[in-house]
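Asks: Take this structure first; my questions come after.
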Amino acid sequence: MYRITNILIGAVVSVALATAADRPFQEIMKAAAGANNNVRKAMTDKDNAKITAEAMKLKAEFKAMEKYWTKAGKADAATWSKTASTGAANVVKALKKNDMAKADAAFKTVGGTCKTCHEAYREKGADGKFLNKIKS
């Protein structure tokens with residue numbers, strides 16, 4: 001069963017990686033936010049299969065963000081995206097060793113990079129929605 005789950009997760013990640021980098025930035029951000037929320041909920045539920053699947057999606061979205069920020073000439077944001085992608089991958093690695101404490105620590109790394117980047121590159125519009133401070 002574990003092998004079948006890994007194969008299915010691999011297929012999902014392959015599709016995500018193939019399409020993530022060529023989408024509009026806001027779409028990437030929304031997908032990352034959804035995966036982030038799903039990881040958080042799955043961690044609360046202690047659903048390792050769901051955590052793994054969503055963390056792999058999150059990794060793919062951060063890879064897409066890294067590409068976006070690199071093209072935009074924002075090396076700091078590209079580095080934060082890369083750190084977050086690595087953090088998401090480390091969640092999966094920790095779960096493979098059944099180490100929920102390390103998975104939680106890795107997930108906190110992801111959240112920390114989100115906050116840092118959002119403070120630098122997002123602003124709240126008059127309508128309450130967040131906007132990218134630079135143009136795509």
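The values are calculated or read from the model by the stated rules, or taken from the named source; none is laboratory data. Bear in mind that the values here come from a model prediction, so they are computed numbers and not experimental data. Note: ideal-geometry Cβ built from the backbone for every residue, glycine included; neighbour counts use all protein chains shown.
Asks: Can you name every residue in segment 85-136 that is among the hydroxyl-bearing types (S, T, Y), modelled with pLDDT under 95 and touching a Phe, Trp or Tyr at 6+ places or on another chain (Cβ under 7 Å)?
Replies: T113, T116, S136
Asks: Looking only at residues in segment 60-98 that are out of contact with any helix residue (DSSP H, G or I) (no Cβ under 6 Å at 6 or more places or on another chain) and hydrophobic (A, V, I, L, M, F, W, C), which one is surrounded by the fewest Cβ atoms within 10 Å (Cβ to Cβ)?
Replies: Checked segment 60-98; the qualifying residue surrounded by the fewest Cβ atoms within 10 Å (Cβ to Cβ) is A75.
Asks: Residue check, T79 against (1) within 12 Å of the chain's Cα centre (by Cα); (2) within 23 Å of I134 (Cα to Cα); (3) not charged (D, E, K, R), all met but one. Which one?
Replies: (1)
Asks: Can you tell me how many residues within segment 105-133 are surrounded by 13 or more Cβ atoms within 10 Å (Cβ to Cβ) and either more than 20 Å from the chain's Cα centre (by Cα) or closer than 17 Å to V39 by Cα (or both)?
Replies: Looking only at that region, the number is 9.
Asks: Still on this structure, I have one more. Would it be correct to say that V13 is more than 23 Å from I134 (Cα to Cα), modelled with pLDDT of 95 or more and more than 11 Å from the chain's Cα centre (by Cα)?
Replies: no
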